[in-house]
């Protein structure tokens with residue numbers, strides 16, 4: 001980042017007359033200079049989408065816009081005129097139809113029902129776990145919201161409460177879905193599907209929340225090169241990502257031998273193994289490809305490209321072409337940028 | 001400075017501080033007398049303000065105004081600790097902490113916060129608490145931690161050592177009285193401005209950015225010696241963002257520090273110390289406050305640019321706007 005010293009803006013005398021807002025208008029000229037002038041011409045149409053605003057800055061005075069996230073309405077005017085929409089964040093303006101919102105550079109993940117999240121157990125309580133999902137508040141996972149060993153239809157007993165640490169203990173990683181939200185935004189998770197549950201055989205990484213594009217499915221299975229075999233990628237909407245060696249999922253569609261697992265056989269399949277803390281044997285080739293995918297996802301996020309299935313695939317291909325051997329570019333920003341640019345070029349080509 | 005509680009956990013330096021060696025032969029180098037400021041009294045010093053320097057916290061900023069250097073970290077919003085003693089909080093709880101680094105002033109500071117640091121912390125709290133949209137963050141806390149790395153010497157009890165033409169002299173200036181307020185005022189104003197930038201960097205929603213401003217009123221030295229109220233009606237010189245050394249032949253009367261929200265024209269924190277009188281119906285306090293507001297407005301320009309700069313940097317770097325969800329162009333609705 002180049003270093004420059006910003007000179008203070010020239011002083012402008014306060015002009016309190018002719019200002020029915022009871023305050024100064026902070027206006028942004030086209031050349032980016034800040035003018036603190038009470039006599040600035042009134043802007044009616046609002047700013048360009050993508051323009052940058054700071055807290056307290058008037059976004060628009062036009063009443064046709066609805067205010068979205070990151071904005072608030074000014075206090076009612078004595079004259080009875082329309083209230084202006086004011087930014088409460090430093091960020092860029094985004095317009096969705098008639099909704100104006102400000103997107104901050106950094107924001108925390110806000111859970112929504114149905115989100116697939118990757119989380120880490122923070123605390124074990126009597127009938128629940130507290131899970132870190134990168135949101136302002138930690139989420140809860142109730143003992144009644146998990147698949148108990150021995151089958152999906154089994155009732156929770158007091159024995160399970162006593163053995164709560166055998167399912168998840170502090171520091172364990174899991175993939176779950178947001179089941180409910182309380183009215184103050186606290187999330188409650190569930191893992192009542194064989195797609196969800198404890199994570200092992202892989203590597204955990206974080207990127208900024210919001211760098212993961214919302215998709216139809218957030219669990220990707222990739223065929224990797226160099227004898228790496230299949231690799232599962234859990235792209236949590238909260239920016240937590242887990243990349244693991246592919247294990248045959250115990251879903252209704254495909255059992256270990258390709259035959260379907262009926263609901264009656266679930267209790268045999270969903271055994272204690274789903275809460276195992278022991279990694280399987282992972283070959284060096286698979287480890288190398290897992291690391292390569294982690295590097296690609298990190299590079300995408302660092303270079304401001306949203307992570308989705310297509311970009312992960314293209315980025316992985318680009319990384320293979322750029323560096324057939326070795327993972328030495330992992331911390332190399334320039335190499336990461338080259339890979340991302342190659343991936344973007346591939347996407348343009350279609 | 002208040003008497004420090006003995007700190008038994010650390011290997012403490014001498015409590016009276018240490019003095020660097022003074023080499024009399026090198027007349028040209030070494031400490032020089034604070035030079036009289038050449039800037040006009042209505043101009044504030046140049047401000048360097050940058051955000052996002054500390055990657056491990058939610059938001060951060062670094063501010064430099066001539067000798068003053070400070071860094072601000074913002075942590076949160078994060079959940080309140082779940083203890084029985086923690087009351088329910090419908091709004092976010094803000095905590096502010098101001099700490100001078102032990103090496104920040106000529107007199108070495110302790111590691112434990114002293115009364116002036118706690119005082120600055122509560123004033124900073126007052127300046128910021130009204131600006132943050134706390135109702136959006138229930139059951140959360142937001143922490144603002146300011147570390148002052150370098151500051152103008154604010155101690156009343158310090159004699160100033162000057163070196164001139166190979167001769168060291170120790171002077172206690174008449175203006176040493178009240179310099180503590182001026183120095184702390186500049187520090188507080190800097191804390192407020194930098195903390196606002198750090199909060200904006202953290203993406204915490206605010207009604208407006210708060211910028212800090214300082215102004216001091218000065219009177220001719222000759223007038224100040226007279227008895228009675230003579231000096232209160234004579235012409236004042238108002239200096240925005242005052243340096244430690246007053247203008248020649250002037251003696252300080254009062255200092256005003258405030259936190260000001262320019263877009264809303266609201267003062268969130270006001271601190272005046274010294275003597276103020278009345279003149280022709282307008283109080284000098286109003287004049288002093290107006291001067292401090294003017295200083296805060298000038299600082300606001302820098303604050304706005306600093307808040308924008310980082311967003312602009314990311315936008316330029318990636319060619320894309322910051323990430324978001326729910327935007328029409330971004331949602332992939334396949335299948």
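The values are calculated or read from the model by the stated rules, or taken from the named source; none is laboratory data. All values reported here derive from a predicted model rather than from experimental measurement. Positions of Cβ are backbone-derived with ideal geometry, glycine not excepted, and every protein chain shown enters the neighbour counts.
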Failed condition for residue B:242, given (1) in contact with a helix residue (DSSP H, G or I) (Cβ under 9 Å, 6 or more places away or on another chain); (2) within 14 Å of chain A (Cβ to nearest Cβ), with all others met? (2)
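Could you tell me whether residue A:147 is buried (at least 17 other Cβ atoms within 10 Å of the Cβ), away from chain B (no Cβ under 14 Å) and at positive phi? If you could, list the steps in order and put the result at the bottom.
Numbers: buried (at least 17 other Cβ atoms within 10 Å of the Cβ): yes; away from chain B (no Cβ under 14 Å): yes; at positive phi: no.
For residue A:147, the condition - buried (at least 17 other Cβ atoms within 10 Å of the Cβ), away from chain B (no Cβ under 14 Å) and at positive phi - is not met.
On the given criteria, is residue A:119 over 15 Å from the mean Cα position of the chain (by Cα) and within 23 Å of residue A:236 (Cβ to Cβ)? Can you show your working first?
Details: over 15 Å from the mean Cα position of the chain (by Cα): no; within 23 Å of residue A:236 (Cβ to Cβ): yes.
No: the conditions fail for residue A:119.
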I'd like to verify a number: residues in the stretch B:250-266 that are free of Cβ contacts under 8 Å to residues at least 40 places away in the same chain and over 13 Å from residue B:300 (Cα atoms), how many? 3
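Of all the residues that make up the stretch B:64-82, how many are in a strand (DSSP E or B) and within 11 Å of chain A (Cβ to nearest Cβ)? Quick ask: steps written out before the conclusion?
Filtering the stretch B:64-82 down to residues in a strand (DSSP E or B) leaves B:64-65, B:68-79.
Narrowing the set further to residues that are within 11 Å of chain A (Cβ to nearest Cβ) leaves B:64-65, B:74, B:76-79.
Result for the stretch B:64-82: 7.
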Any residue at all in the stretch A:104-112 that is part of a strand (DSSP E or B) and over 18 Å from the mean Cα position of the chain (by Cα)? no
Exactly one of (1) at the interface with chain A (Cβ under 7 Å from one of its Cβ atoms); (2) under 19 Å from residue B:262 (Cα atoms) is unmet by residue B:310. Its number? (2)
Residue check, residue B:219 touching a helix residue (DSSP H, G or I) at 6+ places or on another chain (Cβ under 8 Å) and modelled with pLDDT of 95 or more: no
Of the numbered conditions (1) within 20 Å of the chain's Cα centre (by Cα); (2) away from every other protein chain (no Cβ under 13 Å); (3) surrounded by fewer than 23 Cβ atoms within 10 Å (Cβ to Cβ), residue B:294 satisfies every one except a single condition; which is it? (2)
Test: residue A:85 is in the same structural domain as residue A:173 (by TED's automatic domain parsing), touching a strand residue (DSSP E or B) at 6+ places or on another chain (Cβ under 6 Å) and either surrounded by fewer than 24 Cβ atoms within 10 Å (Cβ to Cβ) or over 30 Å from residue A:203 (Cα atoms) (or both): no
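Could you check how many residues of the stretch B:123-149 are away from chain A (no Cβ under 14 Å), assigned to a helix (DSSP H, G or I) and within 13 Å of the chain's Cα centre (by Cα)?
Step one: list which residues in the stretch B:123-149 are away from chain A (no Cβ under 14 Å), which gives B:123-127, B:129, B:144-149.
From what is left, the residues that are assigned to a helix (DSSP H, G or I) are B:123-127, B:129.
So of that shortlist, the ones also within 13 Å of the chain's Cα centre (by Cα) come out as B:123-125, B:127.
The total comes to 4.
Can you say whether residue B:178 is buried (at least 17 other Cβ atoms within 10 Å of the Cβ), away from chain A (no Cβ under 14 Å), at pLDDT 55 or above and over 23 Å from residue B:73 (Cβ atoms), as far as the supplied structure shows? Show your work before the answer.
On the way: buried (at least 17 other Cβ atoms within 10 Å of the Cβ): yes; away from chain A (no Cβ under 14 Å): yes; at pLDDT 55 or above: yes; over 23 Å from residue B:73 (Cβ atoms): yes.
Spelling it out, residue B:178 is indeed buried (at least 17 other Cβ atoms within 10 Å of the Cβ), away from chain A (no Cβ under 14 Å), at pLDDT 55 or above and over 23 Å from residue B:73 (Cβ atoms).
Within the stretch A:98-115, can you find the residues that are modelled with pLDDT of 85 or more and over 16 Å from residue A:71 (Cα atoms)? Please lay out each step first, then the result.
Here is the first cut: in the stretch A:98-115, the ones modelled with pLDDT of 85 or more are A:98-102, A:109-115.
Result: A:109, A:110, A:111, A:112, A:113, A:114, A:115.
If a residue must be in contact with a helix residue (DSSP H, G or I) (Cβ under 7 Å, 6 or more places away or on another chain) and not in a loop (DSSP other than H, G, I, E, B), how many such residues does the stretch A:74-101 contain? Before the answer, list the steps.
We begin by selecting, within the stretch A:74-101, every residue in contact with a helix residue (DSSP H, G or I) (Cβ under 7 Å, 6 or more places away or on another chain); these are A:90-92.
Of the ones still in play, those that are also not in a loop (DSSP other than H, G, I, E, B) are A:91-92.
Within the stretch A:74-101, residues that are in contact with a helix residue (DSSP H, G or I) (Cβ under 7 Å, 6 or more places away or on another chain) and not in a loop (DSSP other than H, G, I, E, B) number 2.
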If you go through B:90, B:66, the only one that is on the phi > 0 side of the Ramachandran plot, modelled with pLDDT under 95 and surrounded by fewer than 21 Cβ atoms within 10 Å (Cβ to Cβ) is B:66
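Here are some residues: B:275, B:229. Which one is modelled with pLDDT under 75, surrounded by fewer than 19 Cβ atoms within 10 Å (Cβ to Cβ) and more than 9 Å from chain A (Cβ to nearest Cβ)? Lay out the reasoning, then the answer.
Values: B:275 fails: modelled with pLDDT under 75.
Being modelled with pLDDT under 75, surrounded by fewer than 19 Cβ atoms within 10 Å (Cβ to Cβ) and more than 9 Å from chain A (Cβ to nearest Cβ) holds for just one of B:275, B:229, which is B:229.
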Among A:165, A:156, A:128, A:213, the single one that is over 23 Å from the mean Cα position of the chain (by Cα) and within 14 Å of another protein chain (Cβ to nearest Cβ) is A:128
